[in-house]
Amino acid sequence: MVRTGLPFKLQQEHHHHGNIGWLRASVLGANDGLLSTASLLAGVAAGRASHEQILLAGVAALVAGAFAMAAGEYVSVSSQADTQLADLEIERRELRKNPDKELLELRDIYMARGLDEALAQQVAAQLMQRDALAAHARDELGLTEMATARPGEAALASAASFVCGALFPVLIAAFVFHSEVLPVLFMTTILLLVILGVAAAKAGGASVMKGALRVVVWGAFSMIATSLIGHLLGQAAI
C-alpha cells in the first residue's frame, strides 16, 4: 500500500561528469608517474646498470616528474583561469553599458533551448534581477562551479598522484634483487595499470574493459620500447 501525505526526501541523481576535474588530474598524474618511471627504470635496467644506478634513476624520475607535473598543471590551469576572469570582466562591462541588450541575449539563449519567447523573457528577467553576472556566466559562457579553474588544487593533485604512481617502481628498484628487477617491474606495472584503468573507468562511468585495455596496451608498448633501446645501448656500451 502506498501511503500519501507523508514527507519524503527527494533522491538526488549521481552524475559522473562531476568527477571530471579531480579525475583528470589524479588519473593522469598517477598513470604518468607509474608508467614514465617504470619505463625509465626498465630501460636503465635493460642497459646493464647497477642496482645503485637504477635506484638513483628512479628517485630522480620521481622528484623531477612530480615538480614537472605540478608546474605544467599550474601554468595550464592558471591560463584557463585568466581566460575565465577576462570573459567575466567583459560580461561585467557589457551589463553596465547595455543591460537591455544582455537581457535579449539571455532570452535568445533560453529560446534556443526550447522555451517560448514570453517564458524565455520572464526567466531571463528574473535571473538577471537576482544575479545578472552569474546568469550570463553560467548560460552564455558555460562557467559553472565545476568548470571553474583552480590552479593550486590542480597542481597539488597532479604532483601527489604522480608521486603515488612513481613510488611503486622506485620501491621495486630499492628492494627487489638486481637480477629480478626487470620482470618484477613489468608484472607489477601492468597490474597497477589495470587497476588504474578500472578505477578511472568506474569513476567516469565508462567501460571497465576498455579503460583497462587502453592503458595496458600503451603501457606495455612503452616499457617494451624503452627496454629494447636500453638493451641496445647497453650492448653498445654507451
query: Do we find that Glu89 is farther than 20 Å from Val170 by Cβ and free of Cβ contacts under 8 Å to residues at least 40 places away in the same chain in this structure?
result: yes
message: I'm trying to understand the selection: among the residues of segment 100-124, which are open to solvent by 60 Å² or more (accessible area, probe 1.4 Å), under 35 Å from the mean Cα position of the chain (by Cα) and not aliphatic (A, V, I, L, M)?
response: Asp108, Arg113, Gly114
- request: Have a look at Arg130, Arg138 and point out the one that is loosely packed, with under 12 Cβ neighbours inside 10 Å and modelled with pLDDT under 85.
  value: Arg130
- request: Collect the residues in segment 186-238 that are closer than 20 Å to Val170 by Cα and not in a helix (DSSP H, G or I), keeping them in residue-number order.
  value: none
- line: From the option list Ala61, Ala38, Ala66, Ala46, single residue qualifying as open to solvent by less than 50 Å² (accessible area, probe 1.4 Å), at pLDDT 90 or above and in contact with a His (Cβ under 7 Å, 6 or more places away or on another chain) is Ala46
task: Identify the residue in segment 160-169 that is aliphatic (A, V, I, L, M) and open to solvent by 20 Å² or more (accessible area, probe 1.4 Å) and, among all such residues, is modelled with the lowest pLDDT.
output: Ala160
- request: State which residue pairs qualify: first residue within 24 Å of Arg96 (Cα to Cα) and inside segment 111-131, second residue outside any helix (DSSP H, G or I) in any location, beta carbons under 8 Å apart, and separation of 6 or more residues or different chains.
  value: Val123/Leu115
field: Filter pass, Leu196 being within 15 Å of the chain's Cα centre (by Cα) and surrounded by fewer than 17 Cβ atoms within 10 Å (Cβ to Cβ)
entry: no
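The values are calculated or read from the model by the stated rules, or taken from the named source; none is laboratory data. Quantities reported herein were computed from a predicted structural model and do not represent experimental measurements. Note: ideal-geometry Cβ built from the backbone for every residue, glycine included; neighbour counts use all protein chains shown. The accessibility values were calculated without ligands, DNA or RNA, using every heavy atom of the protein model including side chains. Shrake-Rupley method; radii C 1.70, N 1.55, O 1.52, S 1.80 Å.
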